1. Determine which member of the set LEU137, LEU124 is part of a loop (DSSP other than H, G, I, E, B) and at pLDDT below 90.
2. Test LYS58 against the stated conditions and say whether it is more than 22 Å from VAL21 (Cα to Cα), surrounded by 12 or more Cβ atoms within 10 Å (Cβ to Cβ) and modelled with pLDDT under 95.
3. Name, by its number, the condition in (1) crowded, with 18+ Cβ neighbours inside 10 Å; (2) out of contact with any helix residue (DSSP H, G or I) (no Cβ under 6 Å at 6 or more places or on another chain); (3) in contact (Cβ under 8 Å) with a residue 60 or more places away in the chain that does not hold for GLY105.
4. Which residue, of ILE98, ILE119, ILE110, is at pLDDT below 95 and among the aliphatic types (A, V, I, L, M)?
5. Just the residues that are aromatic (Phe, Trp, Tyr) and part of a loop (DSSP other than H, G, I, E, B), please, taken from the stretch 57-92.
Amino acid sequence: MYKKILMPVDVFEMELSDKAVRHASFLARADNASITLLNVLPVNSRAMLRGFSADIKKFETYMAAESEKKLRDLKRLFDIDPAHIHTEVRFGSVRDEIIAMSAEGEYDVIVIGSKKPGITTHLLGSNAESVLRYAKLPVLVVR
């Protein structure tokens, strides 16, 4: 049913992904699917460091390396063949990058973790809600 699973994660807020990891693993095991872990880093750092392009590059390189390291650590939580788990780090709007990657990679489903509802998020976490609203493929939101 699902051959390619896209799983956006915030490697700096892993409690959102704990339950989602189990669900993505279950789906992947059922059909021998591959999982792509996607971490999107915000570009708002550019506004803070405007005029310091060398510093921006150093900061982005550092953040990308840290994200890759944390994604490699996250791969250990899955109970599927590590060769079926891929990682990607992108810079940009979380929603826009997830939607773009889901289309580019011809994924079958997006599995995303969500925060418990609060005053500001009402029903879902803001990123999960936004992805759910704009995605053109099935989205499994895990709480």
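1. Just a single option satisfies the conditions, and that option is LEU124.
2. yes
3. With respect to (1) crowded, with 18+ Cβ neighbours inside 10 Å; (2) out of contact with any helix residue (DSSP H, G or I) (no Cβ under 6 Å at 6 or more places or on another chain); (3) in contact (Cβ under 8 Å) with a residue 60 or more places away in the chain, GLY105 is out only on (1).
4. Residue meeting the stated conditions: ILE119.
5. PHE78
Let's see how each residue does on (1) β-branched (Val, Ile, Thr); (2) open to solvent by 70 Å² or more (accessible area, probe 1.4 Å); (3) at pLDDT below 85; (4) at negative phi:
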{"residue": "LEU16", "(1), (2), (3), (4)": "no, no, yes, yes"}
{"residue": "PHE52", "(1), (2), (3), (4)": "no, yes, yes, yes"}
{"residue": "MET63", "(1), (2), (3), (4)": "no, no, no, yes"}
{"residue": "ARG76", "(1), (2), (3), (4)": "no, yes, no, yes"}
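The values are calculated or read from the model by the stated rules, or taken from the named source; none is laboratory data. These numbers were taken from a predicted model, which means no experiment stands behind them. When we count neighbours, we look across all protein chains shown, and the Cβ atoms used for this are built from the backbone with ideal geometry, even at glycine. Accessible surface is based on the protein model in full, side chains and every heavy atom, while ligands, DNA and RNA are left aside. Shrake-Rupley method; radii C 1.70, N 1.55, O 1.52, S 1.80 Å.
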